[in-house]
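> Below you will find the structure I want to go over with you.
Derivation of every value follows stated rules applied to the coordinates shown; laboratory data play no part. Owing to the predicted nature of the structure, the values given are computational and were not obtained by experimental measurement. Every residue, glycine among them, receives a Cβ derived from its backbone with ideal geometry; neighbour counts consider all protein chains shown.
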Amino acid sequence: MVMDDSRDMFGDAPPWQDEEEEETPASAAELEAAGQASMFGDPEPAPPTAPPATDAADPGPQAESPALFEAVAEPEAAPELAPAPEPAAPEPKAEAPIAAPKPASANPPAGTSAQPYRVLARKYRPQTFDELIGQEAMVQTLANAIKRDRLAHAFLMTGVRGVGKTSTARLIAKALNCIGPDGQGGPTINPCGRCEPCVAIAEGRHIDVIEMDAASHTGVDDVREIIEAVRYAAVSARYKIYIIDEVHMLSRNAFNALLKTLEEPPAHVKFLFATTEVDKLPVTVLSRCQRFDLRRIPTPMLAEHFANVCGKEGVEAEEEALSMVAAAAEGSVRDGLSILDQAIAHADLDGEGQVRAEKVRDMLGLSDKSVQRKLLSAILDGDGAALLELIARQFSLGIEPIAMMRGLMDLTHRVAVAQVAGEVVDAHAAEEREAIEGWAKALKAGQVHRLWQLMLKGHDEVKSAPDPLVAAQMALLRIMHASDMPDPGALVRKLEEIAARAPAAAPAGEGGPSAGGPAAHATAPAAIAPRWEALVDDVEHMGELSVANTMRMQVRVVELGAGLLRYSQPPGFSEDIAGLMRGALSKATGERWQVEKVDGQGAPTIVEIAETQQAAEGEAVRNAPLVAATMAAFPGAELIQDDRPAAIGGGGRQWRR
């Protein structure tokens with residue numbers, strides 16, 4: 001028996017026993033049991049297997065034949081299975097770390113009840129650059145850089161929330177560290193997603209890809225850890241990559257500490273920064289990074305993406321509902337997927353299983369588009385009662401007044417776009433398209449823009465008012481009353497044209513012929529008036545303001561020649577002003593003047609000429625068809641004129657200004 005044990009220990013067992021021992025360790029279950037035993041000790045069921053071996057070994061000393069020896073040797077070989085595979089243990093150990101995660105990742109789909117639900121924003125995070133939507137320019141730049149081996153040492157991704165900044169950083173990390181399914185690949189814009197680096201980075205457990213949230217690690221000590229760690233080479237990857245999210249949250253001292261390392265990092269280190277507020281980054285950091293501005297995703301592209309997600313989820317959704325979700329997302333994929341997740345749950349609770357536009361509208365608190373069209377129709381038609389009824393009905397359904405104003409502003413904007421483009425865009429219903437086309441043809445561009453300005457002002461009032469409902473009612477009523485008013489610009493142009501065509505008043509004398517004879521009196525106003533006004537202006541420019549005003553109001557020129565002035569005064573003026581005018585005219589012209597007062601009628605004074613022209617122009621404006629229509633539309637309206645004397649301020653009054 002001792003010899004038998006020694007043969008088993010040193011491998012001198014018979015050939016048939018070696019064959020059995022080679023076949024037994026090939027079982028995966030036994031290898032796993034052996035590994036569990038080596039890590040956690042022998043399992044509990046092991047002792048019951050020992051008694052059969054001792055029972056079979058009892059007749060061992062009495063048996064001397066080879067046949068009996070075989071019966072005893074076989075049970076002894078079974079307990080030896082645990083230590084037997086130890087020489088081959090290195091091969092299973094090398095495969096264990098790779099094979100272990102596969103059952104863990106395969107289990108959740110098999111038992112969905114044991115796996116917590118993952119929201120759509122996490123479930124459909126892009127895993128390849130092909131799944132990253134709306135950023136084609138950045139993907140093309142990275143692809144060319146990888147092909148030409150011109151990779152920067154620092155990348156900065158900036159943009160609004162939910163456009164793929166952090167996802168892009170992880171994709172770049174996978175692209176730089178991918179080794180391919182055969183383990184021989186290099187950096188590629190299309191990472192395989194199956195090699196160990198790709199799987200580890202996707203699961204967030206790669207030792208050489210370090211993600212740091214700058215919002216919670218803002219100090220110099222956090223940056224110092226990075227500076228000390230970059231000196232060491234990557235453990236298992238091609239590059240050691242640092243992904244710093246919300247990098248603008250780092251303190252000023254932390255940025256300064258990072259500058260030197262960021263400017264000249266080791267060859268095996270890459271920095272990937274993501275931020276929503278790039279303006280807060282120091283210029284010294286921006287100059288050391290290759291910057292990518294991620295764009296907002298267009299609404300049609302978002303709607304198409306959400307349709308694909310619904311298809312993968314097995315959910316039916318109306319096109320209009322997806323358009324509402326995409327519009328509410330404001331260019332953010334994450335926001336849109338979160339809203340779509342809520343819409344799917346809302347539809348399931350309803351029992352229909354379909355994402356409908358009506359339910360999405362109720363969920364988001366949006367104003368119904370048909371009601372928006374009715375509101376705009378009531379405004380343009382001047383139906384105040386219908387307008388107030390529609391506002392009250394929408395408010396009772398839970399629609400906020402600010403949402404009503406936004407809906408009307410959006411509708412007005414679409415009408416303006418339809419006027420310029422000649423067609424209606426983003427109109428899913430035929431009724432909506434016909435209504436917008438009708439308004440685009442019926443309204444003038446000035447009316448649409450005036451509606452927009454009034455709605456924008458009303459939106460601000462509703463937003464800041466203590467009672468938003470009352471503010472919305474008053475704002476929309478004001479828009480209704482102002483909608484049928486003529487365009488101010490066109491009205492001004494019309495008035496200017498009428499004033500320009502108004503006949504000039506003939507400044508004829510009030511009496512008969514003067515002492516100068518009929519011909520002289522007929523031509524005197526036209527010939528004397530310009531020369532006399534020029535002389536008065538010269539007197540005023542010499543600083544004699546009171547004398548100039550007196551000359552404008554009290555002097556009716558009878559005769560005006562070189563150094564000669566004969567004049568008369570209007571009724572109500574009797575003081576002697578000859579001396580004043582003589583001195584002022586001599587000072588202004590440098591000549592001696594003979595000034596005489598006569599009894600003739602003379603030409604009207606400058607003030608009388610201006611008043612006559614003003615009266616004629618005012619009468620022409622009142623008789624204009626447009627003004628007459630305005631006065632009829634607004635009973636009690638008055639045409640306000642400036643009644644200041646023409647002498648004050650100098651010269652005749654220019655009414656059109």
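> So for 373, 393, 552, fewest C-beta neighbours within 10 Å to most, what's the order?
Neighbour counts put them in this order, fewest first: 393, 373, 552.
> Between the range 420-459 and the range 540-593, what is the separation of their alpha carbon centroids in Å?
Cα centres, the range 420-459 to the range 540-593: 64 Å.
> Ok, one more. Given N residues in the range 120-293, what is its alpha carbon radius of gyration divided by 2.2 N^0.38 Å?
Against the compact-globule rule of thumb, the ratio is 0.98.
> Which value results for Rg/Rh of the range 366-485 when Rg is the Cα radius of gyration and Rh the Kirkwood radius based on the inverse mean 1/r?
Checking Rg against Rh, the ratio lands at 0.94.
> Given H placed 1.01 Å from N in the peptide plane, which residues other than close sequence neighbours of residue 316 have an amide H under 5 Å from its amide H?
For residue 316, the qualifying residues are 355.
> Between residue 308 and residue 639, what is the label-to-label distance in nm when each label sits 7 Å out along the Cα-to-Cβ direction?
Going from the residue 308 label point to the residue 639 one covers 6.8 nm.
> Indicate the gyration tensor shape class of the range 186-255 (rounded, prolate or oblate), computed on the Cα atoms with a ≥ b ≥ c the square roots of the eigenvalues: a/c under 1.5 is rounded; otherwise a/b larger than b/c is prolate and the rest oblate.
prolate
> So for the range 366-485, averaging the separation of alpha carbon pairs under 8 Å that are six or more residues apart and normalising by length, what relative contact order in percent results?
32 percent
> Most exposed first by the Cβ proxy, i.e. fewest other Cβ within 10 Å, how do 195, 178 rank?
195, 178
> Classify the range 299-363: rounded, prolate or oblate, from the alpha-carbon gyration tensor (a ≥ b ≥ c, eigenvalue square roots; a/c under 1.5 rounded; otherwise prolate if a/b is larger than b/c)?
Prolate, since a/c reaches 1.5 and a/b exceeds b/c.
> So what's the gap between the Cα centers of the range 318-341 and the range 147-189, to the nearest angstrom?
Spelled out, the Cα-based centre of one part sits 28 Å from the other.
> Let me ask something else about it. Using the 10 angstrom Cβ neighbour count as an exposure proxy, how do 541, 459 rank, fewest first?
Ascending number of Cβ neighbours within 10 Å: 541, 459.
> Shifting gears a bit: Want the number for residue 385 to residue 330: 0.36 nm per residue separation, take away the alpha-carbon distance, what's left?
Additional length available on full extension: 16.3 nm.
> Would you please give the residues with an amide H less than 5 Å from that of residue 269, counting only those at least 5 places away or on a separate chain, with H modeled from the backbone geometry?
240
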